[in-house]
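These notes are about the structure you will find just below.
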Amino acid sequence: MNEVHRPVLAANWKMHKGPREAASFMEGFLNLHPPARGAIVVIFPPSISLVAARHAALARTDIEFGVQNVHTRESGAHTGAVSAPMAADAGATWGLAGHSERRHEFGDTDEMIGRRLAMLADSGLRPVLCVGETLEERENGQLESTIRRQVEAALGQVPQSRQESVLYAYEPVWAIGTGLAASETDASEAHGIVRDAVRGTLRSGGAPSGSAGSATGDEHITVLYGGSAVPSNASDLLAAPGIDGLLVGGASLEPESWAAICAARG
Ligand code: 13P
């Protein structure tokens with residue numbers, strides 16, 4: 001992990017916890033997690049529980065909230081959808097795009113993901129682009145081409161002036177919910193590929209004006225790791241080169257295990 005930057009520890013609750021359960025989780029978690037521990041803690045509840053979770057943590061400005069998905073448009077006749085400006089209005093300051101469950105279960109294409117990412121950035125949310133290969137792609141030697149395609153297709157749709165606001169999460173599909181986390185070496189290698197793909201995209205579209213030096217390649221590109229991160233491997237993952245934080249599913253659902261991950265240090 002880069003010494004200068006605070007780690008980002010993000011909880012993706014997926015389709016777990018309605019408003020009441022979200023509020024009671026927050027109560028339990030906040031008791032276990034004292035303020036100002038150094039990491040940036042972000043929780044992504046289901047959008048219907050966002051306000052309740054946030055309300056339960058109003059006294060704690062060290063905890064931030066995000067949405068798991070947004071529509072590609074601001075508003076309109078899109079039954080069942082939530083837009084990025086609405087999420088911001090509800091208190092979200094972060095948003096995910098491109099999670100593999102969205103890609104595989106809901107058919108999100110690279111093109112749609114790019115539009116969601118742009119919408120998040122446009123609405124002033126911190127966008128996190130999730131990328132990662134399936135086991136088949138890894139076994140076929142397509143790790144690098146898959147990550148490059150996912151990064152280029154999505155980031156290329158974000159206006160240049162906002163590209164630097166994007167963070168990334170490397171989530172190998174074979175590691176999600178399987179108990180089989182990537183090794184630190186494999187994760188570090190993949191994070192290097194993500195950074196390389198980001199730099200390539202920034203350069204091919206021209207560096208965003210006023211950005212922190214994309215032309216020289218010295219900008220900081222934040223890349224989180226996700227996939228079976230748990231309290232027992234969190235510190236080792238955070239200590240690995242190029243890993244700036246964690247995006248956690250299953251182990252973020254209990255206050256105790258989530259607090260243990262938030263206390264982990266690289
Ligand atoms: P697990 O931590 O349950 O493997 O899920 C990871 C993930 O998909 C986070 O977005």
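Before moving on, here are some points about what is shown:
- Any hit, region 89-106, residues being under 30 Å from Ile147 (Cβ atoms), of a type outside the set (A, V, I, L, M), surrounded by fewer than 18 Cβ atoms within 10 Å (Cβ to Cβ) and in contact with an Asp or Glu (Cβ under 8 Å, 6 or more places away or on another chain): yes
- Test: Ile243 is at pLDDT 95 or above, away from the ligand (no atom under 16 Å from the Cβ) and buried (at least 19 other Cβ atoms within 10 Å of the Cβ): no
- Summed over region 17-43, residues that are in contact with a Ser or Thr (Cβ under 9 Å, 6 or more places away or on another chain) and within 16 Å of the ligand (Cβ to nearest atom) total 3.
- Flag if Ala22 is free of Cβ contacts under 8 Å to residues at least 60 places away in the same chain, exposed (fewer than 14 other Cβ atoms within 10 Å of the Cβ) and farther than 30 Å from Glu189 by Cβ: no
- Residue list for region 155-179, restricted to those being away from the ligand (no atom under 16 Å from the Cβ) and either not hydrophobic (A, V, I, L, M, F, W, C) or not in a loop (DSSP other than H, G, I, E, B) (or both): Leu155, Gly156, Gln157, Pro159, Gln160, Ser161, Arg162, Gln163, Glu164, Ser165
Residue by residue, here is whether (1) over 13 Å from the mean Cα position of the chain (by Cα); (2) small (Gly, Ala, Ser); (3) farther than 25 Å from Ser24 by Cβ holds:
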position	(1), (2), (3)
His55	yes, no, no
Leu58	yes, no, no
Val67	no, no, no
Gly76	yes, yes, yes
Ala81	yes, yes, yes
Ala97	no, yes, yes
Ser100	no, yes, yes
His104	yes, no, yes
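- Condition check for Leu129: in a helix (DSSP H, G or I) and not charged (D, E, K, R): no
- In region 91-109, the residues that are closer than 17 Å to Ala169 by Cα reach residues that are of a type in the set (Lys, Arg) with C-beta atoms within less than 6 angstrom, at least six apart or across chains, in these pairs: Trp94/Arg126; Ala97/Arg116; Asp108/Arg102.
- Residues in region 46-67 that are touching a strand residue (DSSP E or B) at 6+ places or on another chain (Cβ under 7 Å) and at pLDDT 95 or above: Ser47, Leu50, Ala53, Arg54, Ala57, Ile63, Glu64, Phe65, Gly66, Val67.
- Residues in region 202-228 that are at pLDDT 95 or above and either away from the ligand (no atom under 16 Å from the Cβ) or in a helix (DSSP H, G or I) (or both): Ile221 only.
- Odd one out for Phe29 among (1) surrounded by fewer than 22 Cβ atoms within 10 Å (Cβ to Cβ); (2) of a type outside the set (Lys, Arg); (3) out of contact with any strand residue (DSSP E or B) (no Cβ under 8 Å at 6 or more places or on another chain): (1)
- Single unsatisfied condition, Ala84 versus (1) in contact with a strand residue (DSSP E or B) (Cβ under 7 Å, 6 or more places away or on another chain); (2) within 16 Å of the ligand (Cβ to nearest atom): (2)
- Identity of the residue in region 180-189, surrounded by fewer than 22 Cβ atoms within 10 Å (Cβ to Cβ) and not in a helix (DSSP H, G or I), that ends up nearest to the ligand (Cβ to nearest atom): Leu180
- When restricted to residues that are buried (at least 20 other Cβ atoms within 10 Å of the Cβ) and within 13 Å of the chain's Cα centre (by Cα), region 114-129 contains 6.
- Evaluation of Ser161 against (1) out of contact with any strand residue (DSSP E or B) (no Cβ under 9 Å at 6 or more places or on another chain); (2) closer than 20 Å to Glu101 by Cβ; (3) in contact (Cβ under 8 Å) with a residue 24 or more places away in the chain (one fails), failing number: (2)
The values are calculated or read from the model by the stated rules, or taken from the named source; none is laboratory data. Only a predicted model underlies this, so the values are computations on that prediction, with no experimental measurement involved. Reconstructed Cβ throughout: ideal geometry from the backbone, glycine too, with neighbour counts over all protein chains shown.
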